[in-house]
Amino acid sequence: MTRRLLLLLGAVLAALAIAAALAWPREQFVPAASPDAWAATSANIARGAYLARAGDCMACHTARGGAPYAGGRAMDTPFGTLYTPNITSDRVTGIGKWSADDFWRALHNGKSRDGRLLYPAFPYTSYTKVSRADSDALFAWLRSLPPRQVQNRPHALRFPYDSQLALAGWRLLYFKPGVFEQDAARDAQWNRGAYLVEGLGHCSACHSARNQFGASDEGLGGGLIPTVGWYAPSLTSDSEAGLGKWQEDHIVQLLRTGVAPGASVTGPMAEVVAQSLQHLNEGDVRSMAVYLKSLPGGTAPGREPAQRPSEQVMEQGEQLYRQQCAACHGARGEGLGPYPALAGNRALTLEEPVNAIRVVLNGGFAPATAGNPRPYGMPPFSHVLDDAQVATLVSYLRASWGNAAAPVTSAQVNRYRAVPLD
Amino acid sequence: MAAAALVCSIFGASAQSQPPGGKIPDTLEQRVAACIACHAPKDTAGTRAGGVYFPRIAGKPSGYLVNQLINFREGRRQYPLMTWMVNHLSDPYLHEIADYFASQHPPVPVPPPPREPAAVLARGEQLVRRGDPALKLPACVACHGAPLGGVAPGIPGLLNLPRDYVNAQLGAWRNGVRRAHAPDCMATIAERLSPGDVAAISAWLAGQPTPPDLRPLAHAERPLPLACGSAP
C-alpha cells in the first residue's frame, strides 16, 4: 500500500517536473546580423543613443546628481529596494566586459552575463520585444560611454524575493522571451508604434495593473504604481486616459512637449517626457499616437455611479475653490490660458483619486521641453490646506461642473502627504 | 495664528498677480506663481514673507539662487518639495527664474525684537562681525559683506531669513546633507560651530532690520578667509 502511494507521489512529482521543464522560459538566441551591427561606428552609436532615449534607460540607470548610466538609483518596490546597476563601459563595475550577445541575453532573456536571473524591475518583459538589430545598436552606444568606476550596490530585498529560486518561479509563471510580431493587417506606422510602445517604451511597466507578485498583465488598462504613489491611468478606457477620441496631433503634442490643450503631464510621466519622449523624432511619436489611439476604448467596467458629497462639503469646497483655485482655473472650472479646465478633466475624476490629491498637495511644473521651454507651475497647497480641507476641495472638484466622481476622505489625503516626492 | 497669517499672505500675493477679467498674463511672474506661493516676494501686507520657515529669495544674487535650484535638482540640497518643483526644469529656465527673483526688491518687514538672553545675542553678534579666531571661525561679514546683503554673483545675504531656516541650513551642512561646490567652505565652517553658536548666530541675524536699499555688493574683499567653490 505504502509502496503504491510512494509510486503515485513519484509519478505526480515527475509530471510536475516535466510540466515545469516544458513551460520553462527558454533562452531564445538570435544571432547578430554581422559584427558590423554593433561596431563602434558613428552611425551605430547615434542610432543606439536614440534608442536609449526611446527606452529611457538613463532615467533608471542614473542616481540623482550621479554620472549618467553609472547606476545607483534606488527603486522602491513592495518587495524591498532594488539598486540599478552601472551600465557604463567600465570593465570592473560596468558592462565593459560584456559582448553584444551578453547584452542581447539581458534584454531579451532577462539574464545577466554570468547567468544570474535579473529582476523584472528591469523591464525585460517589454524589452524582450526589442529586435536584435536595435539591441546591437544600443550596445554600440553603451560601449561608447566613458567608463565610470561606480560600484554596484546590492539589492535590499526581503526573503524570499531575494532568492534566485523565487525569481526562477516568477519567470516560469510570468515571462516568456518573444520577438515582436508584425500585425500584417495594420500598416507600417501602426506597427512601428506598437513596437515602440510594447518594446523599448515599456509603457505597460506603469500603465497596467500588477498582481501581488509584481507581475503586470502587459496590457495598458491602468495601474497604481506601488510605493511611488501615482496612478498610471488606463490608455484603453475613455473615462481615464484612453486616446480614441483625442486628436492625433494633441497626443503627439502631449508626448513631445508635456502639454496639450486641456492636459499636462505630471509625476512619473513628466520624467518620461523630459528624459525620453521629447527626444524622439516626430514620426516615431506619431506612430505611438496612432497605435495608442487604435487601442480599444469604452468605459472601464464595473464602475458604480458615484455618491455625491454632502451639501456642506460642496459649499465649503466651493469657498476653498474660489479662494485658492478660481484665479487660474476659472470661476466655473473652465480653465484659463495655460491652466487646464477642471470641468470634464479626466485626470481629476479617475476612480483612483491619488493623482488629484497629489496635484493639490504638491503642485508642480510641467517638464521644460524644447516645445514648452518655460512651463507654468502650480503652487503646492500642502502647507496651506490641512487634510480635511484638501479632501473637501478635491471632493468638490470631482463633483462639480458635470464631474461625477466619488468624494475622497482626509485619511486618503493624509496617506499621500507621506509618500516620498523623490 | 501663524498658519492663518501665512494663508493671508499667500492670498495677498496671488491676488495681486491676477489681473481682473480672467486673462492669464504671459509673464515670468505668472509662470513662477508656484514659487511665489511660498517665497512671496511681493508681500506688502507687512507679513513676514514666507512665514516661519521659507527663506526670502527676492534680491539674493542670481548666481547663488541658480546654484541652489540646480543643487536641489541634483540632490546636493534636501527639501523634497523643492526637488519636486525643479526636477524637470532646464538650466536656462532655472537661470531665468533666478534672474527674476534676484531683480525683485519688495519691502521688508521689521523683525520682532529677539527674545534670547543678551549674552546669546552678544555671542551671535561677535561671531557674525568678528568671528572667533580660537575656533578658527572667520566672521560672517568677511564673505557675506559688512552690510550682510551678500556679494554678487554667488554669496547670499543673511538678513530677513527665518531663524529656523538658518539653523536648519547650518545643521544640514554639519550633517553633510547640504553641499555646495567644492571646496565647500560653509561645510568647514559649520563643522567648527557648536549647536549653541549656531543658535546664537541665527537669533542675532533674525533680529536685525533689513535696510530697504540693501543690495548685494558687487565684489568681495579678496582674499576670502576660506577657499569657496561657490565664489571662486
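Readers should treat all values here as calculations from the given coordinates under stated rules, not as data from a laboratory. Not measured: the values here are computed from a predicted model. Don't worry about glycine lacking a Cβ; one is built from the backbone with ideal geometry, like all the others, and counts go over all protein chains shown.
When +1 charges are put on Lys and Arg Cβ atoms and -1 charges on Asp and Glu Cβ atoms, the dipole computed for the protein assembly as shown relative to its Cα centre reaches about 1300 debye. Sorted largest first, the spans of the alpha carbon positions of region A:70-173 along the three principal axes are 37, 29, 20 Å. Taking region A:27-50 and a reference point 7 angstrom along Cα→Cβ of A:V179, the backbone N atoms nearer than 18 Å belong to A:27-38.
Remark: relative contact order (region B:118-206) = 36 percent; criterion is Cα-Cα distance under 8 angstrom and separation of 6 or more residues. When +1 charges are put on Lys and Arg Cβ atoms and -1 charges on Asp and Glu Cβ atoms, the dipole computed for region A:1-159 relative to its Cα centre reaches about 420 debye. Distance from the Cα centroid of region B:88-136 to that of region B:196-220 is 5 Å (rounded to whole angstrom). Converting the Cα gyration tensor eigenvalues of region A:98-233 into ellipsoid dimensions via √(5λ) gives semi-axes, longest first, of 24, 23, 15 Å.
Normalising the average separation of contacting C-alpha pairs (under 8 angstrom, six or more residues apart) by the number of residues puts the relative contact order of chain A at 13 percent.
What the Cα atoms of chain B give is an Rg and a Dmax of 17.7, 63 Å. Here, region A:365-421 yields an orientationally averaged convex hull projection of 5.5 nm² when only Cα atoms define the hull. Measuring how big region B:108-155 is from its alpha-carbon positions, Rg and Dmax come out at 12.8, 36 Å.
Here A:K129 is the anchor, and the lysines within straight C-alpha reach of less than 26 Å, apart from those fewer than 8 places off in the same chain, are A:K97, A:K111, A:K176, A:K293. Computed over the Cα atoms of the protein assembly as shown, the ratio of the radius of gyration to the Kirkwood radius (Rg/Rh) comes to 1.02.
Look at the Cα gyration tensor of region A:5-46: its axes a ≥ b ≥ c give a/c of at least 1.5 with a/b over b/c, and that counts as prolate.
Using the count of nearby Cβ atoms within 10 Å as a rough guide to exposure, how do B:W204, A:W401 rank from fewest to most?
In increasing order of surrounding Cβ atoms, one gets A:W401, B:W204.
Computed from the Cα positions only, the extents of region A:311-417 along the three principal axes stand at 44, 28, 25 Å, in decreasing order.
In chain A, the DSSP-assigned H stretches of four residues or longer account for a calculated mean residue ellipticity at 222 nm of -11500 deg cm²/dmol, using -39500 (n - 2.57) per stretch and the full residue count as denominator.
By counting other Cβ atoms within 10 Å of each Cβ, how are A:S112, B:S62, A:S287 ranked from fewest to most? Could you put the intermediate results ahead of the total?
Working: A:S112 16, B:S62 20, A:S287 24.
Starting with the residue having the fewest Cβ neighbours, the order is A:S112, B:S62, A:S287.
Relative to the longest principal axis of the Cα atoms of chain A, the long axis of helix A:248-257 makes an angle of roughly 80 degrees. Tilt of helix B:195-206 relative to the longest C-alpha principal axis of chain B, in degrees (0 to 90, nearest 10)? For helix B:195-206, the angle is close to 50 degrees.
Multiplying the sequence separation of A:S310 and A:D162 by 0.36 nm and subtracting their Cα-Cα distance, what value in nm do you get?
Working: separation 148, 0.36 × 148 = 53.28 nm, distance 4.83 nm.
Length gained, A:S310 through A:D162: 48.5 nm.
Cut-off is 10 Å between beta-carbons; in what order do A:C325, A:C206 appear when sorted fewest neighbours first?
On the way: A:C325 20, A:C206 23.
Ordered by Cβ neighbours within 10 Å, fewest first: A:C325, A:C206.
Taking the square roots of five times each eigenvalue of the Cα gyration tensor of region B:118-206, the equivalent ellipsoid has semi-axes of 18, 15, 13 Å, listed largest first. Annotation: lysines with alpha-carbon distance below 24 angstrom to B:K23 (same-chain offsets under eight excluded): B:K42.
Along the axis of the charge dipole computed for region A:311-417 (Cβ charges of +1 for Lys and Arg, -1 for Asp and Glu, origin at the Cα centre), the listed residues A:P407, A:V359, A:S395 are led at the positive end by A:V359.
Once you divide the Cα radius of gyration of region B:75-172 by 2.2 N^0.38 Å, the number left is 1.31. What would the Debye formula give as log10 I(q)/I(0) at q = 0.10, 0.17, 0.18, 0.22 Å⁻¹ for the alpha-carbon point model of region A:249-353, no solvent? For the requested q values the scattering log ratios are -0.41, -1.00, -1.06, -1.24. Taking only the alpha carbons of region A:206-272, we obtain Rg and Dmax values of 12.6, 38 Å in that order.
Please work out the FRET efficiency for the pair A:A21 and A:S131, using the Cβ-Cβ distance as r and a Förster radius of 30 Å; give the result to the nearest 0.05. My answer for the efficiency is 0.60. Remark: spin-label model distance B:S103-B:V177 equals 3.6 nm, labels positioned 7 Å along the Cα→Cβ axis.
Estimated from the Cβ-Cβ distance and a Förster radius of 45 angstrom, the FRET efficiency linking B:R129 and B:E74 is about 0.85. Each Cα pair under 8 Å and six or more residues apart adds its sequence gap; the mean of these over the residue count of region A:311-417 is a relative contact order of 29 percent.
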